[in-house]
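Since the structure comes first, as structure tokens, the remarks are kept for the end.
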Amino acid sequence: MSSRAYEHPADRSALVALRKLSGFDTVFKALSGLLPERSLRLLFLSDSVRVSERQFPHLHTMLLDACSILDLPKVPPMYVTQDPQPNAMCVGLDEPVIVVTTGLVELLDEEEMRAVVGHEVGHALSGHSVYRTILLFLTNFAVKIAWIPLGGIAVTAIVTALREWFRKSELSADRAGLLVGQDLQASLRGLMKLAGGNHLHEMNVDAFLAQAAEYEAGGDLRDSVLKIMNVLPRSHPFATVRAAELKRWAESRDFQRLMDGHYPRRAEDKDASVTDSFRESASHYAESVRSSKDPLMGLVRDIAGGANDLGSRLRDTFTGRSGGGPRDAARGPEDGPRDEPRDGEGKG
């Protein structure tokens, strides 16, 4: 299976373009010497617990299953690290490493955890670990050079772009997690627990999805701007948004085709069209604007519709079709004025 099978259109178009760049792998291997990847590996090896048949064997089984389902040829090392904050990540340039916190292991049940392991294996298969590692490095670097005006602005712009990209990659990985767990309710419960903690008896998935609908449609233009400002510093979409996006994908024809065994193969990745990928991405964003209930997106639709109307009026003016109906447009100025009807003729 190719990772293109489950990747979000915006994520997929960027990845296809990067895979087509000659020398891309060479550049990042050279960059790896500047990044603390080796240090991270040693840190996890020395101060975390490596998942294996003898340590966290249930997680080890989930990892093997996820790699088998997604056809990841090499099983990445996985570590459990002591941290009460529920979290999981996949980092590394040369080889991906999966890390989950004790807070996450204690928060989720077996099926919810299976979706998370599939999520991280999806990151590894797509190559997202490369960009996450760079994002972590650049974020730390931006803090160190914040006192340099132009340098700080340049790095901040790159970090902002990477965050937008990575937010879309999280939606891709959520889809991979669903393919591995094949239990939509478990995936949704896991996202709900990340938002509300280990109080499942106090929460309801349908009510959580209703929150997502209210968030996407509610408020006015001020709220739309605040939503953008709230999400800009984040590397992950909001939990309710992720849940709603995953549910929509699970109900789509694309998901059903995957479950029926119809999906692109990895051997075909080299033939993937950058143009087609960007067209799919643009189509997805256009459809999102058309179907969105957000007030700002409604304004964008109105402006676009007004521009189309203005374009039509200008076109009619320059083609002699302004004013009057089809008969007037068909009648040229050389035909002269119409005769006024005489009294008693043509009236009434």
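The values are calculated or read from the model by the stated rules, or taken from the named source; none is laboratory data. On a predicted model such as this, the values are computed, not experimentally measured, just so you know. Neighbour counts are summed over all protein chains in view; Cβ atoms, including those assigned to glycine, are modelled from backbone coordinates with ideal geometry.
Odds and ends about this structure:
- Val116, sole failed condition from (1) under 21 Å from the mean Cα position of the chain (by Cα); (2) over 15 Å from Asp174 (Cβ atoms); (3) of a type in the set (Val, Ile, Thr); (4) not in a strand (DSSP E or B): (2)
- Residue within the range 187-196 that is charged (D, E, K, R) and either in a loop (DSSP other than H, G, I, E, B) or in contact with a helix residue (DSSP H, G or I) (Cβ under 7 Å, 6 or more places away or on another chain) (or both) present: yes
- Some residue of the range 70-79 being among the aromatic types (Phe, Trp, Tyr), surrounded by 14 or more Cβ atoms within 10 Å (Cβ to Cβ), without any contact (Cβ under 8 Å) to a residue 60 or more places away in the chain and in a strand (DSSP E or B): yes
- Residue count for the range 4-59 under the criterion of being modelled with pLDDT under 85, under 22 Å from Pro76 (Cα atoms) and among the polar types (S, T, N, Q): the result is 3.
- Those residues of the range 180-212 which are touching a residue at least 40 places away in the same chain (Cβ under 8 Å) and either small (Gly, Ala, Ser) or in contact with a strand residue (DSSP E or B) (Cβ under 7 Å, 6 or more places away or on another chain) (or both), in sequence order: Gly181, Ala186, Ser187, Gly190, Ala195, Gly197
- Residue in the range 243-262 that is within 23 Å of Gly103 (Cβ to Cβ) and in contact with a Lys or Arg (Cβ under 9 Å, 6 or more places away or on another chain) present: yes
- Residue, modelled with the lowest pLDDT, within the range 255-281, restricted to residues that are surrounded by 15 or more Cβ atoms within 10 Å (Cβ to Cβ) and either in contact with a strand residue (DSSP E or B) (Cβ under 6 Å, 6 or more places away or on another chain) or within 22 Å of Leu191 (Cβ to Cβ) (or both): Leu258
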